[in-house]
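Step one of this worksheet: look at the structure below.
The values are calculated or read from the model by the stated rules, or taken from the named source; none is laboratory data. Treat the numbers as computed from the prediction; the structure is a model and nothing was measured. We place every Cβ from the backbone using ideal geometry, glycine too, and count neighbours over all the protein chains shown. Ligands, DNA and RNA are excluded from the accessible area calculation, which covers all protein heavy atoms including side chains. Shrake-Rupley method; radii C 1.70, N 1.55, O 1.52, S 1.80 Å.
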Amino acid sequence: MLKIPFVSFEKMHTEIRNELDEAYNNVLNKNYYIHGSECAEFEKNFAEYCTAKYCVGVGNGLDALTLILRAMNIRCGDEVIVPANTYIATALAVSLAGATPVLVDPDIRTFNIDVDKIEEKITDRTKAIIAVHLQGRAADMDSICAVAKKYNLKVIEDAAQAHGTRYKGKKVGTFGQAAGFSFYPGKNLGALGDGGCVVTNDEKIAETVRILSDYGSDYKYHHIFKGVNSRLDELQSAFLNVKLPYLDKWNAERQRIADCYLQHITNPAIVLPLQSDDEFEHIYHVFAIRCRQRDRLESYLKEKGIGTLKHYPVPIHLQQAYADLNIPKGSLPVAEEISHTILSIPMYYGMTDKEIDFVIQSLNDFSCE
């Protein structure tokens with residue numbers, strides 16, 4: 001039986017194995033592992049890739065968002081608008097900064113925040129909106145920024161799943177005041193361990209994030225903030241420097257696979273994601289379908305040898321960690337509907353046409369009866 005994992009890095013890493021080995025050896029031979037030339041080079045390269053002025057490497061995507069919020073002086077008593085169906089890290093960043101996440105239902109078609117529902121959640125304590133480019137699809141940044149301007153709010157982009165995504169022809173990451181990226185291994189641009197960065201055109205935000213991420217130190221043994229230890233190390237930076245030039249190629253292949261799915265999955269029981277277009281590009285960090293019989297479909301595909309994952313089966317407001325928000329079940333119906341019906345199917349660089357066809361045929365053969 002054909003076995004198709006949910007994700008595989010084998011082809012990607014095999015093709016660049018010699019470059020990765022060389023990067024590892026270079027770092028090892030330098031005997032310099034933190035705040036060295038590899039991180040500085042990656043920060044320069046990724047800032048240029050995003051057409052931003054500044055990039056600051058940090059320990060992970062959660063830290064990136066938390067440090068942005070702290071650099072913006074968002075703190076206890078403040079509120080931050082967050083999509084209700086994002087990964088919990090987006091809300092955790094707000095909590096770790098001391099503020100309160102205020103959850104807004106998404107648009108059922110795009111899975112991104114429903115801009116028409118933002119204003120009703122704004123209070124005199126609201127200080128920012130976090131726009132998440134969920135699953136690699138660009139959020140409606142013009143509309144989000146218009147609401148933010150009306151109420152004098154900051155805009156932060158959570159681009160953890162959107163490396164290289166374009167909105168109206170421009171890469172995401174510079175529409176708000178700052179953006180947080182994750183380089184978790186499963187991302188479209190993934191390290192071989194944890195990593196993240198902050199991208200911004202604001203020099204003060206960049207400098208504050210850099211200081212906060214290094215124990216609050218502006219120079220050795222001199223501390224001006226109560227900071228944290230969150231740094232992108234030399235080894236992960238070196239691996240990311242190898243991978244970055246291939247990112248557009250890998251994204252294009254994901255889009256090709258997605259086009260095959262979109263054209264040939266015809267089962268009426270399955271709701272497909274919106275296709276990428278010139279305004280709202282999608283680089284398909286995941287390819288998420290919806291089905292009323294999601295759990296049956298999940299079991300069926302498992303029997304076929306096809307790996308899947310649910311992003312995310314329990315929405316934030318129903319997680320025990322956020323019981324203190326006192327948001328009862330049914331209050332965010334779209335987020336709950338997505339959580340009950342969503343299923344992500346295989347999507348990775350290296351899928352063969354035979355594997356793609358097998359996934360398509362298996363989905364078309366699925367019966368809800």
- Only one residue in A138, A162, A148, A128 is of a type in the set (A, V, I, L, M) and farther than 16 Å from T86 by Cβ. Which one? A148
- Task: Exactly one condition in (1) open to solvent by less than 20 Å² (accessible area, probe 1.4 Å); (2) in a loop (DSSP other than H, G, I, E, B) is not met by M12; state its number.
- Result: (2)
- Task: Return the pairs, sorted by first residue and then second, in which the second residue is crowded, with 18+ Cβ neighbours inside 10 Å and of a type in the set (S, T, Y), the first residue lies in the range 103-126 and is within 22 Å of A159 (Cβ to Cβ) and without any contact (Cβ under 8 Å) to a residue 60 or more places away in the chain, the beta carbons are less than 9 Å apart, and the residues are 6+ apart or on different chains.
- Result: I113/T86
- Note on the structure: Restricting the range 202-226 to residues that are under 29 Å from Y24 (Cβ atoms) and in a loop (DSSP other than H, G, I, E, B), the one farthest from the chain's Cα centre (by Cα) turns out to be K220
- Residue satisfying all of: in the range 314-369; of a type in the set (F, W, Y) and more than 23 Å from the chain's Cα centre (by Cα); nearest to K117 (Cα to Cα) among these: F366
- Query: Would the range 227-234 turn up any residue that is over 20 Å from the mean Cα position of the chain (by Cα), of a type in the set (D, E, K, R) and under 29 Å from I16 (Cβ atoms)?
  - Reply: yes
- Is there a residue being open to solvent by 20 Å² or more (accessible area, probe 1.4 Å) and among the acidic types (D, E) anywhere in the range 208-218? yes
- Note on the structure: Checked the range 80-101 for anything at positive phi and touching a residue at least 60 places away in the same chain (Cβ under 8 Å); matches are none
- Note on the structure: Selection from the range 119-138 of residues part of a loop (DSSP other than H, G, I, E, B), open to solvent by less than 50 Å² (accessible area, probe 1.4 Å) and not β-branched (V, I, T) yields H133, A138
- Going through the range 80-118 one residue at a time, which ones are under 16 Å from S143 (Cβ atoms) and among the β-branched types (V, I, T)? I81, V104, T110, I113, V115, I118
- Item | Residue, most open to solvent (accessible area, probe 1.4 Å), within the range 276-291, restricted to residues that are within 24 Å of C368 (Cβ to Cβ) and of a type outside the set (A, V, I, L, M) | R290
- Listed by first then second residue, the pairs whose first member lies in the range 270-296 and is within 16 Å of I345 (Cβ to Cβ), whose partner is modelled with pLDDT under 95 and of a type in the set (A, V, I, L, M, F, W, C), with beta carbons under 6 Å and at least 6 positions apart or on separate chains, are Q293/C368
- Filter the range 307-358 for residues that are aromatic (F, W, Y) and within 21 Å of R254 (Cβ to Cβ); the one that is surrounded by the fewest Cβ atoms within 10 Å (Cβ to Cβ) is Y312
